[in-house]
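S.K.: After the structure tokens below, expect a handful of questions from me.
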Amino acid sequence: MPLYETTYILNPSLEEEQLTRLQEKYTEYVTKNGGEIINVENWGKRKLAYEVNGNTEGVYIVMKFSSKTQVAEELRRDMRLSDDVVKAMVIRLN
């Protein structure tokens, strides 16, 4: 299975419980669909390079995983549709 890395930025106004729940939601999505989580890093709240949807800060999460291409594409789609995700990027690693 291909190896992927996703970096997503969550809304900084979310409570700690909501942040944890979202992080668990995305890791569970990968594992329930046959993928494997390699590493998840919470970088905490950081200043954005530019304002996005009225936010100047965001909570950065980096997740490395291996999965089928379909799973990575669905994860990307779900993150784009979520109001709690300020920005998200999923890339395939070699």
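S.K.: Restricting to the range 1-37, what's the tally of residues that are over 17 Å from R77 (Cα atoms), assigned to a strand (DSSP E or B) and under 14 Å from the mean Cα position of the chain (by Cα)?
M.R.: Residues in the range 1-37 being over 17 Å from R77 (Cα atoms), assigned to a strand (DSSP E or B) and under 14 Å from the mean Cα position of the chain (by Cα): 1 in total.
S.K.: Select from the range 30-39 the residues that are surrounded by fewer than 16 Cβ atoms within 10 Å (Cβ to Cβ) and of a type outside the set (G, A, S) and list them in ascending order.
M.R.: Here is the first cut: in the range 30-39, the residues surrounded by fewer than 16 Cβ atoms within 10 Å (Cβ to Cβ) are 31-34, 36-39.
Once the filter is applied, which keeps residues that are surrounded by fewer than 16 Cβ atoms within 10 Å (Cβ to Cβ) and of a type outside the set (G, A, S), the range 30-39 yields T31, K32, N33, E36, I37, I38, N39.
S.K.: Please determine whether any residue of the range 17-30 is touching a Lys or Arg at 6+ places or on another chain (Cβ under 6 Å) and of a type outside the set (D, E, K, R).
M.R.: no
S.K.: T56 versus (1) modelled with pLDDT of 95 or more; (2) under 17 Å from L14 (Cβ atoms): which is the lone unmet condition?
M.R.: The single condition T56 does not satisfy is (1).
S.K.: While we're looking at this one, here's another question. E73: among the acidic types (D, E), outside any helix (DSSP H, G or I) and exposed (fewer than 15 other Cβ atoms within 10 Å of the Cβ), yes or no?
M.R.: For E73, the condition - among the acidic types (D, E), outside any helix (DSSP H, G or I) and exposed (fewer than 15 other Cβ atoms within 10 Å of the Cβ) - is not met.
S.K.: Please determine whether any residue of the range 26-44 is hydroxyl-bearing (S, T, Y), in contact (Cβ under 8 Å) with a residue 24 or more places away in the chain and in contact with a Pro (Cβ under 8 Å, 6 or more places away or on another chain).
M.R.: no
The values are calculated or read from the model by the stated rules, or taken from the named source; none is laboratory data. Since we're looking at a predicted model, the values are computed, not measured. Here the Cβ is made from the backbone with ideal geometry for all residues, glycine too, and neighbour counts use every protein chain on show.
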